[in-house]
Number of protein chains: 4
Amino acid sequence: MPFETTVQVRFGDIDGAGIVFYPRYFEMLNSAMEDWFAGALGLDFHTMHMAEDRGIPVVDISASFSAPSVLGDILTVTIVPLTLGTSSCRVEARFSCNGQHRLTMQMTVVWMSLTERKAKPWPPELRERISAGLVEQTA
Amino acid sequence: MPFETTVQVRFGDIDGAGIVFYPRYFEMLNSAMEDWFAGALGLDFHTMHMAEDRGIPVVDISASFSAPSVLGDILTVTIVPLTLGTSSCRVEARFSCNGQHRLTMQMTVVWMSLTERKAKPWPPELRERISAGLVEQTA
Amino acid sequence: MPFETTVQVRFGDIDGAGIVFYPRYFEMLNSAMEDWFAGALGLDFHTMHMAEDRGIPVVDISASFSAPSVLGDILTVTIVPLTLGTSSCRVEARFSCNGQHRLTMQMTVVWMSLTERKAKPWPPELRERISAGLVEQTA
Amino acid sequence: MPFETTVQVRFGDIDGAGIVFYPRYFEMLNSAMEDWFAGALGLDFHTMHMAEDRGIPVVDISASFSAPSVLGDILTVTIVPLTLGTSSCRVEARFSCNGQHRLTMQMTVVWMSLTERKAKPWPPELRERISAGLVEQTA
């Protein structure tokens, strides 16, 4: 079952037209990725960045917007890993509200040493846990 | 008992020195005020702004920072109304983490008609509910 | 000659790893789009949104990151319209610093009535000015 | 003559009521402080944070809002140091637009070692340049 988390659309997310200013969705995505790592993969971002000197910079990302979101909406963000490379992972995030689809994002992140600024192979535990959620394996 | 809500320090809240970039605290405060209105005063921001054409602009605000917050901290935000005028309210918000005080904010908000851009008297239900939480009355 | 504008990487754009937090690039892009409309297409965002009841919501967007940006970098953003539909436009934005490529974004925006929330045909003046910058026509 | 810089109100700064969401003013202030340090005090934030391991965290801040700002406004931010301590400085920032006053902020910053997280005495060159702008000295 794919990982899900929720985020509430706040006053500060809304633009002059009364809908979510789209750059805010990328902040929400980043928070959802934090939740995914902490909740499903067993590694919180504080430990990752501070204790383990690792980060997951985004190499590329795309987003497709289907319907706008308004103030107060509780968005469900579903995170699904699509493919897993030696040090990269392609991830899909779908945002919905009360069953209505809002947007889909796909992105590639890389497991990286922060001090060396160099890609590193995923550690075995993370590899195993990400693999467990891969779409092809749940299919 | 004062109203409490929580907010998690996210990667996007952190500056290059590894601590919360202080303007983010004002966004957190605004979200906490949303929670206070929805949770304690019975009026969510969507209804307030869209259906009732009302807002609560900030007239003045001050913040005093005691200790920094880092990635992953779960901050408790305590909201206490201090004084209540005809159309204004002075509010204190205290941020803490695991019992350690982080910052205190005080601000004055005004109950305002959005289309008229004019202060209005608090409606009776809001007045009653804010009054119930006033510090002098709980003292 | 394609439209260019600049944006400075500020302290608030930087993450805990000392580089631009990527959601900030989408805010920078949005500001660059404002500059393009005001500077090259003759329509500032205030007039567009307030007086003309029009907006240009993003339907889809992709970004590909080549090199990180750090505090103080002055980024050059180059805006090139790629294709022009009846009410849509596909735009490419390239970010560079001192000649070094940083990222490329491509997005589709739609000319929309804000009150009707419906796509509208581009007005003739905008169509003409966007057309003048189309890559295929400059090729 | 006090230091002045400008900042443009962008689409992303505006809330659902069509005016600047007030937490954005603190981001604008921080950018104006960067400009003040680089332009009047001879020390850019990149050098300060990266090469010199120094920062200027905000200890306390207050803001008083007089009139709202809207999309497209070019705000003039005037920075005036009020008092200068061994390692602290009290600064006033006034925001205006076409001569109309919008808001005033006052804050205390501290010259701090980032790795030690400890206040340090202002270096002589900074002390001298800040002193040159002190209000009591220009009075």
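The values are calculated or read from the model by the stated rules, or taken from the named source; none is laboratory data. Not measured: the values here are computed from a predicted model. Every residue, glycine as well, gets a Cβ built from its backbone with ideal geometry; the counts of neighbours run over all protein chains shown. Areas reflect the complete protein model, heavy atoms only, side chains present, ligands, DNA and RNA absent. Shrake-Rupley method; radii C 1.70, N 1.55, O 1.52, S 1.80 Å.
Within the stretch C:51-128, list the GluC sites (Glu not before Pro) lying in a DSSP loop whose Cβ has at most 15 other Cβ atoms in a 10 Å radius.
Qualifying residues, ordered by number: C:Glu52, C:Glu116.
What relative contact order, as a whole-number percentage, does the stretch D:1-47 give when Cα pairs under 8 Å and 6 or more residues apart are counted?
Once normalised by length, the contact order is 32 percent.
With Cβ to Cβ distances under 12 Å as the rule, what net charge do the other residues near C:Pro121 carry (K, R +1; D, E -1)?
In short, +4.
Let's test this: bin the Cα-Cα distances of the stretch B:40-88 at 5 Å from zero up to the farthest pair and state each bin's percent.
5, 10, 16, 22, 18, 15, 10, 4, 0
In nm, to one decimal, how far is the C:Arg129 label point from the B:Ser87 one, both placed 7 Å along Cα→Cβ?
3.9
Tell me, what is the FRET efficiency for D:Met1 and D:Ala67 to the nearest 0.05, using R0 = 25 angstrom and their Cβ-Cβ distance as r?
After rounding, the FRET efficiency stands at 0.55.
Compute the signed sum of charges (Lys and Arg +1, Asp and Glu -1) over the other residues within less than 13 Å, Cβ to Cβ, of B:Ile61.
It works out to a net charge of -3.
Rolling a 1.4 angstrom probe over the protein chains, ignoring ligands and nucleic acids, what is the accessible area of C:Ser88 in square angstrom, nearest 10?
Here the residue's solvent-accessible area equals roughly 40 Å².
Just to be sure I understand: if you take the accessible area of chain A alone plus chain D alone and subtract the pair, with a 1.4 Å probe, what total do you get in Å², rounded to 100?
700
Give the share of C-alpha pairs in each 10 angstrom bin for the stretch A:1-67, from 0 to the last occupied bin, in whole percents, shortest bins first.
17, 42, 31, 9, 0
Could you work out [θ]222 nm for chain B from helices alone, using -39500 (n - 2.57) per DSSP H run of at least four and dividing by all its residues? Round to the nearest 500 deg cm²/dmol.
Rounded to the nearest 500, it is -6500 deg cm²/dmol.
Alpha carbon centre of the stretch C:39-65 versus the stretch A:1-79: separation in Å?
The stretch C:39-65 and the stretch A:1-79 have Cα centres separated by 24 Å.
Using every Cα-Cα pair within the stretch B:1-125, state what percent have a distance larger than 16 Å.
Cα-Cα pairs in the stretch B:1-125 separated by more than 16 Å: 63 percent.
Which value, to two decimals, describes the C-alpha radius of gyration of the protein assembly as shown once divided by 2.2 N^0.38 Å?
Against the empirical 2.2 N^0.38 Å value, I get 0.98 for the protein assembly as shown.
For chain D, what is the accessible area per residue in Å², given a 1.4 Å probe and the full set of protein chains?
I get 41 Å² per residue for chain D.
Run the numbers on the stretch D:1-92 and let me know its relative contact order in percent, using alpha-carbon pairs under 8 Å that are six or more apart.
Once normalised by length, the contact order is 43 percent.
Which percent of Cα pairs goes in each bin when the distances of the stretch B:57-128 are cut into 10 angstrom slices starting at zero?
18, 39, 26, 16, 1
Sorted by accessible area (1.4 Å probe), largest first, how do C:Arg102, B:Arg10 line up?
Descending order: B:Arg10, C:Arg102.
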